[in-house]
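J.: Shown below is the structure under consideration.
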Amino acid sequence: MQTRKALIVGGGIAGPVAALALRRAGIDSVVHEAYPDSIDDAGAMLAIAPNGLAALRILGAEGVLQKLGQPIRSMVIADGRGRKLGEFPGLAGLPPSWAVSRSEFARALRGLAAAEGVRFEYGKRFVGADETSAGVTAHFADGSAASGDVLLGADGIHSVVRTLIDPRAPVPERVPLLNFGAVADVAVDARPDVMYFVFGDKGFFGYWLQLDGRTAWFSNLPSATFMTSAEARAVPVDDWLRRLRAAYMQDEPARTLLQHTAADRLLVLGSMELMPSLPCWHRGRMVLVGDSAHAPSSSSGQGASLAIESAVELARCLRDIPDVAGAFVAYERLRRSRVEQVAARAAKTNHSKTLGPVARTLMRLMMPIATKTFMSPERTLGTEQRHRIDWSAVVV
């Protein structure tokens, strides 16, 4: 029987995109978000790669990025002394990547989906589900329930839906890197369409010059102690800022940017996490999409783009395959290999961020050669960024 109504758990990025894609596929959906409508993601930034932009274009949603984001046409790798180690220009024939505020992007996607008739229910914390041969009913902490033909778990890396699909599913892996970010009230010497990645003496630092003249930055600071975002935010912000300034004392422009970062602007995100390969993406009438199924570390630069792609592919499968189980099998077949290849590349990048001083020196010597040979932009990112979904093709 053809899928007519989908329940979506999670209103971040994958949830609204899935709702838009399902709408285009002729399937109604309701998005259930645990947090109130006023929730703010405190300005964390993300990148949408050309493949993510192409998937948004299928839904007529690429204008969201062009309105809110900033084009990034090249990536420069440097050391803390300002020495350029290599550059990854945008791939020939592709549009630039876009840097955008996560909260603003998600809010705009929700607005776009709502304008197309998608209903959003806020304050609905998902706690469980019942399945029958005819459908699935989701239950929420406030005692309410909702029924549909399928249930999509777009509820992130700490997914509750995932624990129902597979109670023995692996938990997110911890990466020994603490994450921070902010916007500094200073302009540094940088090209406005370039993102800079700096391997400093004690940590990894990224930055780009915003169109308003300020400089956005993020830091991955090695730490053997794992901290959730709540635990990290319990530490006084002034303490974190002092630690960051000490870590990057010898690195520029990190030192300057931290001097011009106010404590109340510092975004403390806790330790980096990633999702290991899952044995099960779906069971019965429930399926995972986005970070709940595949969450490569932020080092990949592809997390949001892969989530967008998966939401579109899942809608294609439900559109073309009446049998729910068959649609979910086709969806996983289309996605698993791709997302796991990206995750593997990101894991290598994470390792490079925790190198010791000797290894960093070797990397500095080898990087100029590597970026022209086995680490050339096309060889490293071509397969990822040139990927395109053929919405008009029938899934079999």
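The values are calculated or read from the model by the stated rules, or taken from the named source; none is laboratory data. What you see is a predicted model, and the numbers here were worked out from it, not measured in a lab. Cβ: placed from backbone, ideal geometry, glycine included. Neighbour counts: every protein chain shown.
J.: Among the residues of the stretch 167-190, how many are in contact with a Phe, Trp or Tyr (Cβ under 9 Å, 6 or more places away or on another chain) and assigned to a loop (DSSP other than H, G, I, E, B)?
T.: Qualifying residue count, the stretch 167-190: 2.
J.: Look at SER277 and say whether it is exposed (fewer than 15 other Cβ atoms within 10 Å of the Cβ) and either among the aromatic types (Phe, Trp, Tyr) or closer than 30 Å to LEU314 by Cα (or both). Let's see the steps before the verdict.
T.: On the way: exposed (fewer than 15 other Cβ atoms within 10 Å of the Cβ): yes; either among the aromatic types (Phe, Trp, Tyr) or closer than 30 Å to LEU314 by Cα (or both): yes.
Spelling it out, SER277 is indeed exposed (fewer than 15 other Cβ atoms within 10 Å of the Cβ) and either among the aromatic types (Phe, Trp, Tyr) or closer than 30 Å to LEU314 by Cα (or both).
J.: Of all residues in the stretch 84-94, which are farther than 19 Å from MET45 by Cβ and in a strand (DSSP E or B)?
T.: Step one: list which residues in the stretch 84-94 are farther than 19 Å from MET45 by Cβ, which gives 84-87, 89, 91-94.
Residues satisfying the conditions are LYS84, LEU85, GLY86, GLU87, PRO89.
J.: State whether one or more residues within the stretch 95-103 are of a type outside the set (Ser, Thr, Tyr), closer than 30 Å to LEU209 by Cα, assigned to a helix (DSSP H, G or I) and in the same structural domain as ALA14 (by TED's automatic domain parsing).
T.: Step one: of the stretch 95-103, the residues of a type outside the set (Ser, Thr, Tyr) are 95-96, 98-100, 102.
If we keep only those that are closer than 30 Å to LEU209 by Cα as well, we get 95-96, 98-100, 102.
Those left that are additionally assigned to a helix (DSSP H, G or I): 102.
Pick out the ones that are also in the same structural domain as ALA14 (by TED's automatic domain parsing) and you get 102.
For the stretch 95-103, residues of a type outside the set (Ser, Thr, Tyr), closer than 30 Å to LEU209 by Cα, assigned to a helix (DSSP H, G or I) and in the same structural domain as ALA14 (by TED's automatic domain parsing): present.
J.: Output the residues belonging to the stretch 131-166 that are assigned to a loop (DSSP other than H, G, I, E, B) and of a type outside the set (A, V, I, L, M). Even if it seems obvious, please write down each step before you answer.
T.: First, the residues of the stretch 131-166 that are assigned to a loop (DSSP other than H, G, I, E, B): 132-135, 141-144, 149, 154-159, 166.
THR132, SER133, GLY135, ASP142, GLY143, SER144, ASP149, ASP155, GLY156, HIS158, SER159, ASP166 - these are the residues of the stretch 131-166 that are assigned to a loop (DSSP other than H, G, I, E, B) and of a type outside the set (A, V, I, L, M).
J.: Let me ask another. Step by step: first the residues of the stretch 101-151, then only those that are basic (Lys, Arg) and surrounded by fewer than 18 Cβ atoms within 10 Å (Cβ to Cβ), then the one that is nearest to VAL64 (Cα to Cα). Which residue is that? Give the derivation first.
T.: Keep residues of the stretch 101-151 that are basic (Lys, Arg), which gives 102, 107, 110, 119, 124-125.
Next cut, surrounded by fewer than 18 Cβ atoms within 10 Å (Cβ to Cβ) only: 102, 119, 125.
Values: ARG102: 12, ARG119: 19, ARG125: 27 Å.
Result: ARG102.
J.: Mind checking which residues of the stretch 161-180 are aliphatic (A, V, I, L, M) and surrounded by 15 or more Cβ atoms within 10 Å (Cβ to Cβ)?
T.: Looking only at the stretch 161-180, we keep the residues that are aliphatic (A, V, I, L, M), and these are 161, 164-165, 169, 171, 175, 177-178.
Scanning the stretch 161-180 gives VAL161, LEU164, ILE165, ALA169, VAL175, LEU177, LEU178.
J.: For residues that are in contact with a helix residue (DSSP H, G or I) (Cβ under 9 Å, 6 or more places away or on another chain) and in a helix (DSSP H, G or I), scanning just the stretch 64-83, find the one that is nearest to LEU109 (Cα to Cα).
T.: Top of the filtered list is VAL64.
J.: I would also like to ask the following. Kindly check whether there is at least one residue in the stretch 258-271 that is farther than 29 Å from ALA54 by Cα, touching a helix residue (DSSP H, G or I) at 6+ places or on another chain (Cβ under 8 Å) and hydroxyl-bearing (Ser, Thr, Tyr).
T.: Taking every residue of the stretch 258-271 in turn, at least one turns out to be farther than 29 Å from ALA54 by Cα, touching a helix residue (DSSP H, G or I) at 6+ places or on another chain (Cβ under 8 Å) and hydroxyl-bearing (Ser, Thr, Tyr).
J.: Same structure again: Answer with yes or no whether ALA190 is surrounded by fewer than 22 Cβ atoms within 10 Å (Cβ to Cβ), over 23 Å from the mean Cα position of the chain (by Cα), at pLDDT below 95 and outside the structural domain of GLY290 (by TED's automatic domain parsing). Show your work before the answer.
T.: Details: surrounded by fewer than 22 Cβ atoms within 10 Å (Cβ to Cβ): yes; over 23 Å from the mean Cα position of the chain (by Cα): yes; at pLDDT below 95: yes; outside the structural domain of GLY290 (by TED's automatic domain parsing): yes.
Spelling it out, ALA190 is indeed surrounded by fewer than 22 Cβ atoms within 10 Å (Cβ to Cβ), over 23 Å from the mean Cα position of the chain (by Cα), at pLDDT below 95 and outside the structural domain of GLY290 (by TED's automatic domain parsing).
J.: Let me spell it out: the conditions are (1) modelled with pLDDT of 95 or more; (2) part of a strand (DSSP E or B); (3) not polar (S, T, N, Q), and LYS124 meets all of them except one. Which number is the exception?
T.: Every listed condition holds for LYS124 apart from (2).
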